[in-house]
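Below you'll find the structure, written out as structure tokens, and then a few comments.
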Amino acid sequence: MQSTILIVDDEPTNLALLTELLRPHYRVRAAQSGHHALRAVRVDPRPDLILLDVVMPELDGYGVLRELRSHPDTRGVPVIFLTALSDSRDEEQGLEAGACDYITKPINAAVLRARVRTQLDVKRAQAFLQDKNAFLESEIARRMAEHELAQQVGIRALAHLAETRDPETGNHILRTQFYVRMLSEHLSHHPRFRHVLSPAHIDLLAKSAPLHDIGKVGIPDAILCKPGPLTAEEWSIMKTHARLGFDAIERAEADVDKPVPFLMLAKEIARWHHEKYDGSGYPDGLSGGDIPVSARIMAVADVFDAMTSPRVYKPAMPLEKARELIVQGKGSQFDPDVTECFLAIFDQFVAVARRHPDTVPC
């Protein structure tokens, strides 16, 4: 396909000469003024290269070039200045203005064709590289999306593995993931949390949330599925699921060559989401700011969902009653600021709970 060249010159004889020199090799269009050139450049076929006279009445070549460079659709069109001005300062001014080359009159046919050919070759090379870069960016995005999907499937598979041995349902995983993201996004504007809860950190936190109870795979069925209250000894065993989950994720993490950020958060959540703000939780009795932010957020999400979901040993608690109990735990079980955040977006919690309900498991 022939390249299109737009020649801009106010002298008809120059237009005729340049057209004659270039037409055997290119599709040539002509404009006899700067204003005409600015209209012509937007008419198909769009020019691949512009030969632009500098000295023209009303709108000179510098003015035309400024207009071309100020619009995204013409900014990338290469321009060669044609002029009788032969002072080196004129050439320097033209190149600084954005011209890609500068040819002085009278025109030497061989020089003209060589310069035109060079600039068109450069333009084609740039277009090739842009297409190549666009393809590579698209391919990278596709592979990253595939990797992300595979990672999410793996996380869900592990979470569902724990779920097969627990009377909780898959919607518990889904709801708590929503709750964690909502709390994190709201807290990201709070002075205590904004330095931690960046958009990327929130994504990792939501991604790792489904693994919070992965340690339950290590709890005996007789305890995990018991329909009534646990004895003190059974409860002591049940509480080990937090450490078991942490240990399992840590062993998986040891199998890779470099740290995996979401696994680091998953470990925090698995081990410490049953810690209490006043230090009375388990497994390590952490308190206040010693409890990781991820675990403090997960604690509210998990407790609210546990209270409002039906189980074989209990019915679902009314949403407003669960809200009251979360408020009662402010400063003792839960971080006060996370509790205030929960209250501020309680309507969103209600919407998620109603959109993804559970039935009583068998």
### Criterion (over 20 Å from residue 330 (Cα atoms) and of a type outside the set (D, E, K, R)) met by exactly one of 191, 292, 229
229
### Task
Could you list all residues from segment 296-313 that are buried (at least 17 other Cβ atoms within 10 Å of the Cβ), hydrophobic (A, V, I, L, M, F, W, C) and touching a residue at least 40 places away in the same chain (Cβ under 8 Å)?
297, 298, 300, 301, 304
### Query
Conditions: (1) closer than 18 Å to residue 184 by Cβ; (2) touching a residue at least 40 places away in the same chain (Cβ under 8 Å); (3) not aliphatic (A, V, I, L, M). Residue 339 meets all but one. Number of the miss?
(2)
## Note on the structure
In segment 314-331, anything modelled with pLDDT under 95 and exposed (fewer than 12 other Cβ atoms within 10 Å of the Cβ) is listed as 315
### Task
Test residue 266 against the criterion of being assigned by TED's automatic domain parsing to the domain that holds residue 177 and touching a Pro at 6+ places or on another chain (Cβ under 7 Å), and give yes or no.
no
### Message
Can you report the number of residues in segment 50-64 which are of a type in the set (Asp, Glu) and under 17 Å from residue 101 (Cβ atoms)?
### Response
1
### Query
Can residue 39 be described as exposed (fewer than 15 other Cβ atoms within 10 Å of the Cβ), in contact with a helix residue (DSSP H, G or I) (Cβ under 6 Å, 6 or more places away or on another chain), in the same structural domain as residue 111 (by TED's automatic domain parsing) and at negative phi?
no
### Message
Restricting to segment 79-101, give me the number of residues that are buried (at least 19 other Cβ atoms within 10 Å of the Cβ) and modelled with pLDDT of 85 or more.
### Response
6
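The values are calculated or read from the model by the stated rules, or taken from the named source; none is laboratory data. Please read all numbers here as calculations on a predicted model, not as lab measurements. Using ideal geometry, Cβ is built from the backbone for each residue, glycine included, and neighbour counts are taken over all protein chains shown.
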